[in-house]
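Down below is the structure, laid out as structure tokens.
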Amino acid sequence: GENVEQHPSTLSVQEGDSAVIKCTYSDSASNYFPWYKQELGKRPQLIIDIRSNVGEKKDQRIAVTLNKTAKHFSLHITETQPEDSAVYFCAASTNFNKFYFGSGTKLNVKP
Amino acid sequence: SAVISQKPSRDICQRGTSLTIQCQVDSQVTMMFWYRQQPGQSLTLIATANQGSEATYESGFVIDKFPISRPNLTFSTLTVSNMSPEDSSIYLCSVVPTDTQYFGPGTRLTVL
């Protein structure tokens, strides 16, 4: 099955700085790569996703890049704010049949 | 989008008992997924539940421990059987109605 690795496990940045979280996957058949934000005590919420036919996608302060050859994708958050503090999960899926999650990154944005 | 509800939202159970968790969706969906999220950990897929067929379990999860029902396209149940403290976790259902995955609010289970 698919194996998704995520780094770093914790990330602490100053407000206004950028944050980058990286994931690798093992199954070349994976073609959908979502990112989720999970605040304490709440369910995961999709924040951005990318499909395998696209190399980069941006939504305001959030962007995701995908390198299919190297089998890795990254989440970029610019101009971080304290409300960005949460746990972020990457995932990989093949045709939405199953989703395999990374281990999570706890992001702390210091005011 | 999809609106998903789960019951119960939390429960405290005794060792050796069973708990059935319900998941209700506001629209018809082909596949429903059940996940476990242990404290401070990531989400682990337990099984995929399709209406009208047996659930497909991931490695490490078996039907005798986690029986699943999927009687129609908007509802599913997950039972955690013969519970032990190691089963203490948050259990979430999720659906993919079009091309986005949505999660239920989760059921926080504590086994004493």
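Restrict the check to segment B:59-73 and report whether at least one residue is among the aliphatic types (A, V, I, L, M), over 19 Å from A:S103 (Cα atoms), buried (at least 17 other Cβ atoms within 10 Å of the Cβ) and in contact with a Leu (Cβ under 7 Å, 6 or more places away or on another chain).
For segment B:59-73, residues among the aliphatic types (A, V, I, L, M), over 19 Å from A:S103 (Cα atoms), buried (at least 17 other Cβ atoms within 10 Å of the Cβ) and in contact with a Leu (Cβ under 7 Å, 6 or more places away or on another chain): present.
Quick one: would you say A:T69 is farther than 21 Å from B:A2 by Cβ, of a type in the set (S, T, Y), away from chain B (no Cβ under 13 Å) and free of Cβ contacts under 8 Å to residues at least 12 places away in the same chain?
yes
If only one of B:S18, B:S9 is within 14 Å of chain A (Cβ to nearest Cβ), modelled with pLDDT of 95 or more and surrounded by fewer than 16 Cβ atoms within 10 Å (Cβ to Cβ), which one is it?
Within the list B:S18, B:S9, the selection yields B:S9.
Would you confirm whether or not segment A:41-56 contains a residue that is farther than 26 Å from B:N50 by Cβ and among the charged types (D, E, K, R)? So that I can check it myself, show each step before the final result.
Within segment A:41-56, the first condition is being farther than 26 Å from B:N50 by Cβ, and the residues that meet it are A:41-42, A:47-48, A:50, A:53-56.
Pick out the ones that are also among the charged types (D, E, K, R) and you get A:42, A:56.
The answer is yes; a qualifying residue exists.
For (1) outside any loop (DSSP other than H, G, I, E, B); (2) in contact (Cβ under 8 Å) with a residue 60 or more places away in the chain; (3) more than 14 Å from every other protein chain (Cβ to nearest Cβ), each residue gets a yes or a no:
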{"residue": "A:S12", "(1), (2), (3)": "yes, yes, yes"}
{"residue": "A:C23", "(1), (2), (3)": "yes, yes, no"}
{"residue": "A:W35", "(1), (2), (3)": "yes, no, no"}
{"residue": "A:N53", "(1), (2), (3)": "no, no, no"}
{"residue": "A:T65", "(1), (2), (3)": "yes, no, yes"}
{"residue": "A:T80", "(1), (2), (3)": "no, yes, yes"}
{"residue": "A:E83", "(1), (2), (3)": "yes, no, yes"}
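How do the pairs read when you match residues in segment B:57-76 that are under 21 Å from B:V29 (Cβ atoms) with residues anywhere that are of a type in the set (K, R), using Cβ under 7 Å and keeping only pairs 6 or more apart or on different chains?
Sorted first by the residue in segment B:57-76, then by its partner, the pairs are B:S76/B:R70.
Among the residues in segment B:61-82, are any closer than 15 Å to B:V111 by Cβ and either within 12 Å of chain A (Cβ to nearest Cβ) or of a type in the set (S, T, Y) (or both)?
For segment B:61-82, residues closer than 15 Å to B:V111 by Cβ and either within 12 Å of chain A (Cβ to nearest Cβ) or of a type in the set (S, T, Y) (or both): present.
Search segment A:101-110 for residues being more than 7 Å from every other protein chain (Cβ to nearest Cβ) and in contact with a Phe, Trp or Tyr (Cβ under 9 Å, 6 or more places away or on another chain), and hand back the single one that is surrounded by the fewest Cβ atoms within 10 Å (Cβ to Cβ).
Here the residue is A:K106.
Does A:N97 fit the bill of being at pLDDT below 95, part of a loop (DSSP other than H, G, I, E, B) and in contact with a strand residue (DSSP E or B) (Cβ under 8 Å, 6 or more places away or on another chain)?
Answer is yes for this residue.
How many residues are in contact with a strand residue (DSSP E or B) (Cβ under 7 Å, 6 or more places away or on another chain) and either at the interface with chain A (Cβ under 9 Å from one of its Cβ atoms) or free of Cβ contacts under 8 Å to residues at least 12 places away in the same chain (or both) when one looks only at segment B:91-107?
10
The values are calculated or read from the model by the stated rules, or taken from the named source; none is laboratory data. Note that the coordinates shown come from a computational prediction; the quantities given were computed from them, not determined experimentally. Don't worry about glycine lacking a Cβ; one is built from the backbone with ideal geometry, like all the others, and counts go over all protein chains shown.
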